[in-house]
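Asks: Dropping a structure here in structure tokens format, bear with me for questions.
The values are calculated or read from the model by the stated rules, or taken from the named source; none is laboratory data. Since the structure is predicted, the reported quantities are computational estimates derived from the model, not experimental observations. Ideal geometry is used to build each Cβ from the backbone, glycine not excepted, and the neighbour counts take in all protein chains shown. When the accessible area is computed, the model is the full protein with side chains, heavy atoms only, and any ligands, DNA or RNA have been set aside. Shrake-Rupley method; radii C 1.70, N 1.55, O 1.52, S 1.80 Å.
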Amino acid sequence: MKILIGTDAWLPQVNGVVKTLEQTIRELQRRGHAVRVISPDMFWTMPMPGYPEIRLARPRRKVLNAILDEFRPDHIHVATEGPIGWAMRRICIGTGRRFSTCYHTRFPEYVRERAPVPLGWMYALMRRFHAAGHGVMVATDTMERELSGQGFSRIMRWGRGVDLKAFTPAAQGRSDDRRPVFLSVGRLAPEKNLEAFLSLDLPGTKVVVGDGPSAAQLRNRYPDAVFLGTKTHAELPAIYANADVFVFSSLTDTFGLVLVEAMACGLPVAAFPAPGPLDVIGNSDAGIIGNDLRAAALSALDIDRRIPRRHAENFSWSQATDQFLANVAVIEGWADEPVRLAAE
């Protein structure tokens, strides 16, 4: 099968959307499917206001049509709601092509962190975008319920995975930090709520991995924390394995791939009861979920590191790709019903 993916999030960006697409494409290609990506690097771009690390593309319809005519995809997946996503959406509608979308990012909540835009307005825009497709994929039960409550339809499940060979408790990392080590990994941006972690009165060392528009402000405000900047996929396992607790302060993530990466390295999690942790951690005993993040972080120190590792083994990219392909089959009329992951 030939699959065309249009995405505004792509390398060299480091985030959950890019990781998900990378791993899914790798698995699809391993199975013999041909995949082509339409991404910002193919067009003129400008930095996103307030977030220069993200480049916004100006896609040319002529180029998009030429790719469609040459590649002749069996399915089109529109991954994001940015300029490329909207351009692909318009072409699919205009040519009568069926396509899928995915709700990777809680844009209404992200925008609210930066500007006084009513949530209702942004959700109306998101509904309009996804309603034109023939299936909107979401990662968790919580997101399915939330979007259903916001009037979204044709919702399908597409889970996430983790590379259990790369992310392992056996990785060797830093040894000079004062113990215990409380770790956060992710984009340094307002919507990640990092100050809720960095302001906690905790023993030992707080370590932060990632970069973003809030980096300078957070470094200045919390000089006692260790900021490591962006790390590669190969460097992360050792950092996870060296820590004692993974602290996830975000209230807006739709899943949180870093949660399963941390658990795969034997790292217990402390998190707020928010989308992402509620579904990924659930009642697994692999972490502590509570409104008092400090208490959760301290309690997580007592969790046997074998428990999060065992829980992470429930997440695989192979299984998630099975689900993606099952959704495609339903959208294209090759099958009757989508399947759900056994772990759900």
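Asks: Report the percentage of all Cα-Cα pairs in the stretch 153-280 whose separation exceeds 26 Å, rounded to a whole percent.
Replies: 18
Asks: Let me ask you something else. Less than 15 Å Cβ to Cβ from Phe129, Lys/Arg counted +1 and Asp/Glu -1: what total charge do the surrounding residues give?
Replies: Taking every Cβ under 15 Å from that of Phe129, the sum is +4.
Asks: As a test of the formula, what do you get for the chain when each DSSP H run with n ≥ 4 contributes -39,500 (n - 2.57) and the sum is divided by the residue count, at 222 nm and rounded to the nearest 500 deg cm²/dmol?
Replies: -10500 deg cm²/dmol
Asks: Of the candidates Ile84, Ile93, Ile155, which one comes out as most mobile in a Gaussian network treatment of the chain with C-alpha springs shorter than 10 Å?
Replies: Ile93
Asks: Which of Trp158, Tyr110, Ala87 sits farthest toward the positive end of the charge dipole of the stretch 79-173, with +1 on the Cβ of Lys and Arg and -1 on the Cβ of Asp and Glu?
Replies: Ala87
Asks: Once you have a ≥ b ≥ c as the square roots of the Cα gyration tensor eigenvalues for the stretch 1-101, tell me rounded if a/c is under 1.5, and otherwise prolate or oblate according to whether a/b is larger than b/c.
Replies: Here the stretch 1-101 falls in the oblate category.
Asks: Which percent of the accessible heavy-atom area of the stretch 260-344 goes to carbon and sulfur, probe 1.4 angstrom?
Replies: 46
Asks: Next up: Just the number please: accessible area per residue for the stretch 267-331, 1.4 Å probe, all protein chains included, in Å². Provide the component values of the computation, followed by the final result.
Replies: Working: 2540 Å² over 65 residues.
Roughly 39 Å² per residue, with all protein chains present.
Asks: Hey, another quick one. Please state the charge dipole magnitude for the chain, taken about the Cα centre, from unit charges on C-beta atoms (+1 on K and R, -1 on D and E), reported in debye and rounded to the nearest 20.
Replies: The dipole magnitude comes to about 1040 debye.
Asks: Also, quick follow-up: I want to verify a result. In a Gaussian network model of the chain, Cα cutoff 10 Å, which of these has the top mean-square fluctuation: Met156, Met137, Met42?
Replies: Met42
Asks: Return the equivalent ellipsoid semi-axes of the stretch 218-270 as a descending list in whole Å, where each equals the square root of 5 times an eigenvalue of the C-alpha gyration tensor.
Replies: With the √(5λ) rule applied to the stretch 218-270, the semi-axes are 19, 15, 12 Å.
Asks: Separate question: Taking amide hydrogens as modeled 1.01 Å from N in the peptide plane, which residues meet the under 5 Å criterion relative to Ile288, leaving out close sequence neighbours?
Replies: Answer set, sorted by chain and number: Val269, Ala270, Ala271.
Asks: Rounded to a whole number, what % of the accessible area of the stretch 91-227 do carbon and sulfur atoms account for, probe 1.4 Å?
Replies: Ligands and nucleic acids excluded, carbon and sulfur give 49 percent.
Asks: Also, quick follow-up: Work from the charge dipole of the stretch 148-299 (Cβ charges, +1 for Lys and Arg, -1 for Asp and Glu, about the Cα centre) and give the residue of Val269, Gly149, Leu228 farthest towards its positive end.
Replies: After comparing all options, I get Gly149.
Asks: Under 19 Å from the Cα of Lys165, which aspartates and glutamates turn up, not counting those fewer than eight places away in the same chain?
Replies: Answer for Lys165, where 19 Å is the Cα cut-off: Glu22, Glu27, Glu235, Glu261, Glu313, listed by chain and number.
Asks: Express in whole angstrom the spacing between the alpha-carbon centres of the stretch 139-190 and the stretch 282-336.
Replies: With the stretch 139-190 and the stretch 282-336 each reduced to a Cα centre, they are spaced 8 Å.
Asks: Among Glu146, Glu53, Glu70, which one shows the highest mean-square fluctuation when the chain is modelled as a Gaussian network with alpha-carbon springs under 10 Å?
Replies: Of Glu146, Glu53, Glu70, the most mobile in the Gaussian network model is Glu70.
Asks: State the answer as a single residue: which of Leu11, Leu251, Ile289 lies farthest towards the positive end of the charge dipole of the chain, with beta carbon charges of +1 for Lys and Arg and -1 for Asp and Glu, about the Cα centre.
Replies: So the residue we want is Leu11.
Asks: Turning to a different aspect of this structure: Bin width 20 Å, alpha-carbon pairs only: give the P(r) of the chain as whole percents, running from 0 to the bin holding the largest distance.
Replies: 30, 59, 11, 0
Asks: Could you tell me the accessible area of Lys2 in Å² (1.4 Å probe, neighbours in place), rounded to the nearest ten?
Replies: 70
Asks: In the full protein assembly as shown, how much of Val14 is accessible to a 1.4 Å probe, in Å² to the nearest 10?
Replies: That residue has around 90 Å² of solvent-accessible surface.
Asks: What range in the chain is the longest one free of chymotrypsin sites (Phe, Trp or Tyr not before Pro) that are in a loop by DSSP and have at most 13 other Cβ atoms within 10 angstrom?
Replies: 45-333
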